[in-house]
Amino acid sequence: MKLVQLNGGSRDRRNRSKPVAFMLLLVSLLMLVSVWTVSPSRGAVPSLETIRVALFIEHARYKLNTASATMTSAGALAIGIRQPSGVKPLLQTKAGETVRFTLDDYKVKITETTEFATALAIVKRLKAAGGAGFLTAVPKNNATVYQVMEGSYRSAAEAKTASERWSKDSGIIGVAGKMNVETMGPLHLESGIYSSQAEADKAASAFRALGVDAFTALKQAGTGGGQYTVLVGAAVDQAGLNDVKAKAASGGTLKAADANASYVIIRDDYSVSESANSPMALYSVPLTGTKLWVSTEAATGIKLAERYNRSYRGQFELSGLSGKLAVVNELPFEQYLYAVVGGEMPASWPAEALKAQAVAARTYALYQGFGFQIAHVVDTTLSQVYGGIGSEKPATIKAVDETRGEVAMYNGKVIEALFSSSAGGASADATEIWGNEVPYLKSVTSQDQASEKGLPYWYRVVLPSGETGYIREDLVEATNDATAAGSKIMRVKGDGVMVRPIPLVQDNVPAVGKVGSSTPVVVLERVIQSNENSWVRGPFTPDTLLASIKKVSPSVQGPIRTLEAGNTGPSGRITELLVNGANVTVKNPDSFRSALGGLPSTKLEIDETARMTIAASGDRISERKDGALTVIGADGKPEQLGAGSIFILNGHGEVRAATKEPTFRFVGSGYGHGVGLSQYGARGLAESGYDYKYILQYYYKDITIVKE
């Protein structure tokens, strides 16, 4: 490797917490613990009996869509229509029966065929190509006809665009040959009332014989159960509905279906079982006006296949919202917290940390109100992680029960109890993340080192090719050799050792290279494996970084030659970012995480690999950012810097890897926005003997903990 002696300090620096200073702080705080107690609140303590969690929803703040919801339970599923006066029953499944729900919206009818194998092959192709396939069967002209539909679209225009795509799909054409792809819509005509499903099925079959779509449906009637009817046609507009009416005129009296009626269309679906002998009930819910309610008495809850086959307590509400299927889980509030605590924090952590998480999660949910129009929260980190019954553990249930009803308040009002995985040694002030002052969200020192326990160390090394990367320490061994600058030379143990771009195995990120046994490598530094407390990301090319930044701040112009932190906040997080010396405009400082390629936090140092400070003749200092550079090496010979790395020895004996063209590495600490409670910090305090009230009052300044 080429080693060049240059003046100026390295820009590749760690921003580490100071454990000694933190321990001194803990000692002083221990003296206060006996007098830091809960004060009575002067305001009403909020409470919530049940909470509504959106698992799938189309909303301005959050979009996660599904074309169907497949549910099962160890017990029977009771299905009804939810109205302001209560739930009106429609039907009940058998114990253990799986049923599927979708919207009665705009779909693409791919084909109709009497060959099940053909229909199934088309559905499999749809799934492989990212579509949502439905394989249903209907009796028609004394035969079983399999109908393949795709998608869940909010408009005829969207469905038409999809139909054009699928009609040209070579995979489908190869199976089905010539197709008559068409769109289906939610406009129907309605026949009379039938005494049984069998009678309605027979009537629907008669209408289908006339060349129109017809479906058995169950609609809510008064205070009793449902009534069977037949919905004829699946038109996308009034002209299509008129055409249906003309074709079906001889089949009996038809009237326009009541747009405000609450109903479900009933079909046999084979998309999940993929067997002609195993049909599943498929229920289609109107786009508007109907809230389908699904409940069970089984203690094991209701399993939802589309959400990782998780099982949930409580009930489900299915409805159309903004043209998409909304799936909302409603359950007792405290039972919801059982799963949130288990989803947000390992159940093996100290009990006091779990209780701190329980109070924070309860407080956070209460602060949100109906944040998502028809739901209080969603089940992801946008709100807080909720994984259903599978996330519950005895320890998390106990933590919730032992803090039941307790919330954190400031000046008589419930606080926004924000929390993140790790503060990286210091929690963030609210101004560093969202740019606004919040009196109880201030920066405090945080004991987050627990995430590093038991992790291996890695060496950042220089390969014989001049490339740099990381090798885990157990894959190299010491030698007695060193470079002229005093850097240690180590030797690789074993063949096929992967050299990683960061000190972490990432299966989806290509390795820098692969080296064999006895390969000599020069050590630049030794670091802990990237984790929630300390991490390395990159290197990123200017083009990659520019594309990422433009998603957040479209006005940024490239190419990127320099990238610097302009200002930082109380905890050291960046609050201003400069590209080529110009300020990057973002919604709030936390947006820098996504702008810089999805970094764990904004508490970071930027390593501009092409930048270096050079001492020239006459006491002149110059700052090199990129471009050509002629250097005098350790052998005293001038040489122009090539395409690879150059290694700089500063006045402190530290060697740094630099490059001719700019790339950018990020060395940081913390995981998440860092505001409020640090989960790893809560663990650290609990392991030091502090209780949950102290932990909460440590991270949320001047709060009181009150109980309803």
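Yes or no, residue by residue, for (1) touching a Phe, Trp or Tyr at 6+ places or on another chain (Cβ under 6 Å); (2) in contact (Cβ under 8 Å) with a residue 60 or more places away in the chain; (3) charged (D, E, K, R); (4) surrounded by fewer than 22 Cβ atoms within 10 Å (Cβ to Cβ):
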{"site": "Ser85", "(1), (2), (3), (4)": "no, no, no, yes"}
{"site": "Glu97", "(1), (2), (3), (4)": "no, yes, yes, yes"}
{"site": "Asp104", "(1), (2), (3), (4)": "no, yes, yes, no"}
{"site": "Val138", "(1), (2), (3), (4)": "no, yes, no, yes"}
{"site": "Thr144", "(1), (2), (3), (4)": "no, no, no, yes"}
{"site": "Val148", "(1), (2), (3), (4)": "no, no, no, no"}
{"site": "Asp169", "(1), (2), (3), (4)": "no, no, yes, yes"}
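Suppose we keep only residues that are under 39 Å from the mean Cα position of the chain (by Cα) and among the small types (Gly, Ala, Ser) within segment 484-503. Which one would you say is surrounded by the fewest Cβ atoms within 10 Å (Cβ to Cβ)? Step by step, filter segment 484-503, then rank; the result is Gly496.
Sub-6 Å Cβ pairs linking a first residue in segment 381-402 that is over 18 Å from Arg683 (Cα atoms) to a second residue that is of a type in the set (Val, Ile, Thr), at least 6 apart or interchain, are Ser383/Val377; Gln384/Val340; Tyr386/Val53; Tyr386/Val340, ordered by first then second residue.
Among the residues here, Ile433 qualifies as closer than 14 Å to Lys603 by Cβ and of a type in the set (A, V, I, L, M).
The numbered conditions (1) modelled with pLDDT under 95; (2) in a loop (DSSP other than H, G, I, E, B); (3) closer than 27 Å to Glu473 by Cβ; (4) small (Gly, Ala, Ser) are all true for Ala610 except (3).
The C-beta contact set for segment 431-450 (first residue closer than 15 Å to Tyr699 by Cβ, second residue of a type in the set (Lys, Arg) and at pLDDT below 95, distance under 9 angstrom, 6+ apart or interchain) comprises Thr445/Lys18.
Remark: pairs (first residue in segment 464-475, in contact (Cβ under 8 Å) with a residue 40 or more places away in the chain; second residue aliphatic (A, V, I, L, M) and part of a strand (DSSP E or B); Cβ separation under 6 Å; 6+ apart in sequence or on different chains) = Thr468/Val462; Thr468/Ala657; Gly469/Val499; Ile471/Val461; Ile471/Val499. If you filter segment 403-421 down to residues that are small (Gly, Ala, Ser) and within 19 Å of Leu685 (Cβ to Cβ), you find that the one that is surrounded by the fewest Cβ atoms within 10 Å (Cβ to Cβ) is Ser421. Taken residue by residue, segment 257-273 has at least one member that is free of Cβ contacts under 8 Å to residues at least 24 places away in the same chain and either surrounded by fewer than 12 Cβ atoms within 10 Å (Cβ to Cβ) or over 19 Å from Ala203 (Cα atoms) (or both). Only one entry of Ala204, Ala176, Ala157 meets the criterion of being surrounded by fewer than 14 Cβ atoms within 10 Å (Cβ to Cβ) and either more than 22 Å from Leu292 (Cα to Cα) or of a type in the set (S, T, N, Q) (or both), and that entry is Ala157. Evaluate segment 413-421: report whether one residue or more is on the phi < 0 side of the Ramachandran plot, of a type outside the set (D, E, K, R) and over 21 Å from the mean Cα position of the chain (by Cα). Within segment 413-421, one or more residues are on the phi < 0 side of the Ramachandran plot, of a type outside the set (D, E, K, R) and over 21 Å from the mean Cα position of the chain (by Cα). Of all the residues in segment 476-495, those that are among the small types (Gly, Ala, Ser) and either modelled with pLDDT of 95 or more or part of a strand (DSSP E or B) (or both) number 2.
Filtered by the rule that a residue be within 28 Å of Ala657 (Cα to Cα) and in a loop (DSSP other than H, G, I, E, B), segment 438-475 gives Leu455, Pro456, Leu463, Pro464, Ser465, Gly466, Glu467.
Could you please let me know if Ala246 is closer than 21 Å to Tyr106 by Cβ, assigned to a helix (DSSP H, G or I) and free of Cβ contacts under 8 Å to residues at least 24 places away in the same chain? No. Restricting the search to segment 322-341, which residues are buried (at least 21 other Cβ atoms within 10 Å of the Cβ) and touching a strand residue (DSSP E or B) at 6+ places or on another chain (Cβ under 8 Å)? Once the filter is applied, which keeps residues that are buried (at least 21 other Cβ atoms within 10 Å of the Cβ) and touching a strand residue (DSSP E or B) at 6+ places or on another chain (Cβ under 8 Å), segment 322-341 yields Lys324, Leu325, Ala326, Val327, Val328, Asn329, Leu331, Tyr336. Might you check whether a residue that is of a type in the set (Ser, Thr, Tyr), at pLDDT below 95 and farther than 24 Å from Ser348 by Cα occurs anywhere in segment 682-705? The answer is no; no qualifying residue exists. The set of residues from segment 422-481 being of a type in the set (D, E, K, R), out of contact with any Lys or Arg (no Cβ under 6 Å at 6 or more places or on another chain) and surrounded by 20 or more Cβ atoms within 10 Å (Cβ to Cβ) comprises Asp448, Arg460. In segment 274-297, the residues that are closer than 20 Å to Thr216 by Cβ form Cβ pairs under 7 Å with partners that are in a loop (DSSP other than H, G, I, E, B) and of a type in the set (D, E, K, R), at six or more places apart or across chains, as follows: Leu287/Asp105.
Please determine, by comparing only the residues of segment 171-198 that are among the β-branched types (Val, Ile, Thr) and touching a residue at least 24 places away in the same chain (Cβ under 8 Å), which one is farthest from Gly320 (Cα to Cα). So, considering only residues that are among the β-branched types (Val, Ile, Thr) and touching a residue at least 24 places away in the same chain (Cβ under 8 Å), the one farthest from Gly320 (Cα to Cα) is Val175. When we screen Val236, Val285 for residues that are in contact with a strand residue (DSSP E or B) (Cβ under 8 Å, 6 or more places away or on another chain) and buried (at least 22 other Cβ atoms within 10 Å of the Cβ), the only hit is Val285.
So in segment 139-155, with the set limited to residues that are modelled with pLDDT under 95 and of a type in the set (A, V, I, L, M, F, W, C), which one is farthest from Ala276 (Cα to Cα)? Residue satisfying both the conditions and the ranking: Ala143. Within the set Tyr228, Tyr283, the sole residue that is over 39 Å from the mean Cα position of the chain (by Cα) and either polar (S, T, N, Q) or in a strand (DSSP E or B) (or both) turns out to be Tyr228.
For segment 580-607, enumerate the residues that are outside any loop (DSSP other than H, G, I, E, B) and touching a strand residue (DSSP E or B) at 6+ places or on another chain (Cβ under 6 Å). Even if it seems obvious, please write down each step before you answer.
Going through segment 580-607, the residues outside any loop (DSSP other than H, G, I, E, B) turn out to be 582-583, 589-595, 604-607.
Residues satisfying the conditions are Phe592, Leu604, Glu605, Ile606, Asp607.
The values are calculated or read from the model by the stated rules, or taken from the named source; none is laboratory data. Everything numeric here is computed off the predicted structure, so don't read it as measured data. When we count neighbours, we look across all protein chains shown, and the Cβ atoms used for this are built from the backbone with ideal geometry, even at glycine.
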